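Asks: Questions regarding the structure given below will be posed in turn.
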């Protein structure tokens, strides 16, 4: 039941046109910087006074889950068209 709710929440989130996976990647200091951007990257990992290692790890786990769900949704869409 809980897994079904998580999958449903992920589906709704990923189908929202305003949601971007790269925003979460940016929070973790991942992804590509734009040309001419400051080489100092923002990262939740830099804010150890405010973000615990466990919280940052949960965000990383959520990103990995949403990335996989996004890939599966794209594959399903490609097969059905």
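Asks: The conditions are (1) more than 19 Å from residue 6 (Cβ to Cβ); (2) modelled with pLDDT of 85 or more; (3) touching a helix residue (DSSP H, G or I) at 6+ places or on another chain (Cβ under 6 Å), and residue 24 fails exactly one of them. Which is it?
Replies: Here residue 24 clears every test but (1).
Asks: Name, by its number, the condition in (1) at positive phi; (2) at pLDDT below 85 that does not hold for residue 77.
Replies: (1)
Asks: Next question, about the same structure. Of all residues in the stretch 1-21 being farther than 26 Å from residue 53 by Cβ and assigned to a loop (DSSP other than H, G, I, E, B), which is modelled with the lowest pLDDT?
Replies: Selected residue: 1.
Asks: Moving on to the next point. With the structure loaded, tell me whether residue 54 is in a loop (DSSP other than H, G, I, E, B) and either at negative phi or at pLDDT below 80 (or both) or whether it fails that test. Explain how you work it out, then say what you get.
Replies: Values: in a loop (DSSP other than H, G, I, E, B): no; either at negative phi or at pLDDT below 80 (or both): yes.
No; evaluated as a whole, the condition is false for this residue.
The values are calculated or read from the model by the stated rules, or taken from the named source; none is laboratory data. These figures come from a predicted structure and were not determined experimentally. All Cβ positions, even for glycine, are placed from backbone atoms using ideal geometry, and neighbour counts span all protein chains on display.
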